[in-house]
1. On a 0 to 90 degree scale, rounded to 10, what angle separates helix 22-37 from the longest Cα axis of the chain?
2. How many angstrom separate the Cα center of region 141-163 from the Cα center of region 314-347?
3. Along the charge dipole of the chain, pointing to its positive end and built from +1/-1 on Cβ of Lys, Arg, Asp and Glu, which listed residue (SER118, SER84, VAL320) has its Cα farthest out?
4. With contacts defined as alpha carbon pairs under 8 Å and 6 or more residues apart, what's the relative contact order of region 176-316 in percent?
5. Non-local amide H neighbours of TYR107 (under 5 Å, H modeled in plane, Pro and chain starts lacking H): which ones?
6. If I model a spin label as a point 7 Å beyond the Cα along the Cα-Cβ vector, how far apart are those points for PHE257 and ARG308 in nm?
7. Please list 209-222, 236-249, 83-96 highest first by mean number of surrounding beta-carbon atoms within 10 Å per residue.
8. Taking all protein chains as present, what is the carbon and sulfur share of the accessible area of the chain, in % to the nearest whole number, probe 1.4 Å?
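The values are calculated or read from the model by the stated rules, or taken from the named source; none is laboratory data. Just so it is clear, the model here is predicted, and its values are computed rather than measured. All Cβ positions, glycine included, derive from the backbone under ideal geometry; neighbour counts span all protein chains shown. Please note that ligands, DNA and RNA were not included when accessible areas were found on the heavy atoms of the full protein model with its side chains. Shrake-Rupley method; radii C 1.70, N 1.55, O 1.52, S 1.80 Å.
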Amino acid sequence: MIEPKKRGADMALVPAAVKRPRSELVAAAQNQQIATMGPPRSSSLQAPIMLLSGHEGEVYCCKFHPNGAMLASAGYDRLILLWSVYGDCENFATLKGHSGAVMELHYNTDGSLLYSASTDKTVCVWDSETGERVKRLKGHTSFVNSCFPARRGPQLACTGSDDGTVKLWDIRKKASVHTFQNTYQVLSVTFNDTSDQIISGGIDNDIKVWDLRQNKLIYSMQGHGDSVTGLSLSSEGSYLLSNSMDNSVRVWDIRPFAPKERCVKIFQGNVHNFEKNLLRCSWSSDGSKIAAGSADRFVYVWDTTSRRILYKLPGHAGSVNEVAFHPEEPIVLSGSSDKRLYMGEIQ
């Protein structure tokens, strides 16, 4: 199922047929030792790059569990696959229940629940220990492109759909708690850190902030020149990352009382194409790096401060739809339209 990368060169044996003087033997032994060590490793992965294959269709989304020991991936084949991060990276569970492609996945903060948004117009909530579906959120009238669980407080979730609405859910209740009407399709949603605001992006290019106490739109952030396909909140909650079809990734200051011009950084390199996939973006846990999906089959990782591309990683044979950072180790995970996932260690 999972093919660890073959290591041919470092297995080569040093021929021992020629009798050498003693001093030379020591050198040969040292060379052999260096050969078997390979480049220094930065993670506990079994190999520097691990390939995870098992999906029968394009992979649209992938996320590490908050404990870092497992990950979830999903996409066009309607299945959610759970994988071990370490060892052979085996696919140890398959969650079935969606009747349409799975567009986005998120674990809640403690990792006990997994949320999945689908083109079957529903969001499913799964128990990540047992793999059972504990809730199905119904109410959207078209594809659900995005979902996001609250970081703390009651079990709230927000969703964005092609029906032009952003919905707020309390997963203890059957129907949605509130619906915000947006004119155009909503492609990505997230909460702010305190979960009293929902932030949405879609095909009208603007990023909108909806206040849950006043139940209204409080401000919009303009700057992108095309559809916003991915949003991600930094771990401390002050900054928002956005990926757009205008081929730019931006960082926005979403703190209260921030200056009117909230766009603080623009990153370039990754691209969108005619496929118009919903390419997502993400922060590393310490906020020092960002990553984004790209249609040119490369995984892009930037330095947040200098805006420099740190890594442009090849390997995929299709659009890279999501890149996620491991919560504790320098590992990036990428899911692609080539039906495959790669985990690779970075420095």
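1. On a 0 to 90 degree scale, this one is about 20.
2. Between the Cα centre of region 141-163 and that of region 314-347, the gap is 24 Å.
3. SER84
4. It comes to 14 percent, rounded to a whole number.
5. TYR115
6. About 3.6 nm separates the two model spin labels.
7. On the way: 209-222: 14.1, 236-249: 21.4, 83-96: 16.2.
Going from most to least packed, we get 236-249, 83-96, 209-222.
8. Working: 8230 of 15750 Å².
Answer for the chain: carbon and sulfur cover 52 percent of the accessible area.
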